[in-house]
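See below for the structure under consideration.
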Amino acid sequence: MSVNSVGGGGGIDRVLALRAQILERNQALQRANATAAATPLAPAAPAAPKSFAASLENALAQVNAGQQRAGQLSEAYERGETIDIAKVMLARQEAAVGFEATLQVRNKLLSAYKDIMSMPV
């Protein structure tokens with residue numbers, strides 16, 4: 001049984017043609033990305049935080065903003081403003097998930113700190 005007989009006649013030729021197409025598209029995408037990066041009108045990517053502390057501070061700010069938004073939506077709903085209950089519940093759930101993730105990160109950091117402090121020198 002030859003390789004050509006697996007997919008019918010010309011199986012290798014089709015595979016090689018597909019490979020060539022994939023390579024051409026990949027090169028075209030790379031050129032497009034390079035052009036977009038060199039264009040001054042392209043939106044600048046957000047600056048990555050420089051340190052772990054900055055990353056942590058940014059994450060805490062995002063969680064805080066999510067909790068404040070959920071609180072505002074809840075208060076508006078309680079006042080009787082016309083706000084979709086699904087939107088309120090979704091915001092509250094997002095805030096809860098963000099808080100839980102932050103709590104887990106804090107717990108892991110404390111655990112790592114305790115492990116490091118208990119290491120013999």
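The values are calculated or read from the model by the stated rules, or taken from the named source; none is laboratory data. The structure displayed is predicted, hence computed values, not measured ones. Using ideal geometry, Cβ is built from the backbone for each residue, glycine included, and neighbour counts are taken over all protein chains shown. These area figures cover heavy atoms from the full protein model, side chains too; ligands, DNA and RNA do not enter into them. Shrake-Rupley method; radii C 1.70, N 1.55, O 1.52, S 1.80 Å.
Side notes on the structure shown:
- Applying the criteria of a DSSP loop state and at most 11 other Cβ atoms within 10 Å to the GluC sites (Glu not before Pro) of the stretch 54-121 yields Glu81.
- In this structure Met89 has an accessible area near 100 Å², from a 1.4 Å probe over the protein heavy atoms.
- Gained length - Thr82 relative to Ile12, 0.36 nm times residue gap less alpha-carbon distance: 18.9 nm
- The stretch 45-99: relative contact order as a whole-number percent, Cα under 8 Å and 6+ apart: 38 percent
- Bridgeable lysines around Lys50 (alpha carbons under 24 Å apart, same-chain partners fewer than 8 residues away excluded): Lys108.
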